[in-house]
Amino acid sequence: MLVLKNVTKSYDGKQKAVNNLSLEIKKGEIVGFIGPNGAGKTTTIKMITGIFPPSQGQIVINGIDITKAPVEAKMNFTYVPDQPEIFSSIRGIDYLNFLADMYEVSLEYRKKRIERFSNIFGIYDELDRLILSYSQGMKQKLLICGALLPAPKLFILDEPLVGLDPLSAKKLKDIMKEHCQKGGTVFFSSHLLEVVENICDRVAVIKKGELIAYDTLKKIKEQSKHTLEEIFLELTKDA
């Protein structure tokens, strides 16, 4: 579903924010992407989503090279960024309908999806309000509803639980699991190691722009006989 081949990103031509990163995520998997601050997680995600072009390497989404066919590739995924930056002068419902139009979601299907997810996250009654009146948490919930609306093959999230109340965070984790059970794929970054440990099929660890571990939690733990937190601290020390 998602393949990165020798992906590198350098902003100044010298220092590499991401260095020769290769990663393959299969259909139906939840993969957690962890690392210390500044390790290259957000840069990697922004290359995957086409916000940043890679300096070198190839990114393929559902068989489509995002550099060669960006629009076609982007129709296969949705993205929730680490900061809920969103158009503030429109209503919540207008934002959701805009996304539905972009992903060519039918009127009947979008109505059902909007009602379902906005009710799950408790913002259905707020959709007629201007987004500028939303709290940060409400904006995050709106972004999540918008990302779930097209039923994407690949769901990409950068620190998705930040700003969510515990109940909404639990609901999102359940949706992520359900999405993969139905054949979808989830790739997300998080600093919440307990969340990663509880819901992920595999974990990728990045340090100073380089992938230093990528495997199932079971195999990672068998090799070290420690908790994920202890493994993470050991792998990323001096980062």
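Please treat every number below as a calculation from the coordinates, not as lab data. A quick note: this is a predicted structure, and the numbers were derived from the prediction, not measured. Reconstructed Cβ throughout: ideal geometry from the backbone, glycine too, with neighbour counts over all protein chains shown.
Cβ-Cβ distance of GLN136 and ASN62, R₀ of 41 Å, FRET efficiency by 1/(1 + (r/R0)^6): the value works out to about 0.80. Once both axes come from the Cα atoms, what is the angle between helix 136-148 and the longest principal axis of the chain, in degrees from 0 to 90, rounded to 10? Compared with the principal axis, the helix lies near 90 degrees. Apply the a/c threshold of 1.5 to the C-alpha gyration tensor of the range 35-148 and tell me whether it is rounded, prolate or oblate. In terms of gyration-tensor shape, oblate.
Oblate is the label for the range 94-203, because a/c, from the alpha-carbon gyration tensor with a ≥ b ≥ c as root eigenvalues, is 1.5 or above and a/b does not exceed b/c.
Between beta-carbons, use under 9 Å as the cut-off and find the net charge around LEU228, counting Lys and Arg +1, Asp and Glu -1.
Working: positive: LYS221; negative: GLU194, GLU197, GLU229, GLU230.
Net charge in that neighbourhood comes out at -3.
For the chain, just say rounded, prolate or oblate: build the C-alpha gyration tensor, square-root its eigenvalues into a ≥ b ≥ c, call rounded for a/c under 1.5, and beyond that prolate if a/b exceeds b/c, oblate if not.
Numbers: a/c = 1.76, a/b = 1.45, b/c = 1.22.
In terms of gyration-tensor shape, prolate.
Segment ASP174..GLU197, full-extension length gain: 6.9 nm, with 0.36 nm per residue of separation and the alpha-carbon distance subtracted. Axis of helix 107-120 versus longest Cα principal axis of the chain: the two differ by about 70°, to the nearest ten degrees.
Between the helical axis of 92-102 and the longest alpha-carbon principal axis of the chain there is an angle of about 70 degrees. What aspartates and glutamates sit close enough to LYS182 to cross-link, taking a C-alpha to C-alpha distance under 17 Å and skipping anything fewer than 8 places away on the same chain? Reachable aspartates and glutamates: GLU29, ASP174, ASP201.
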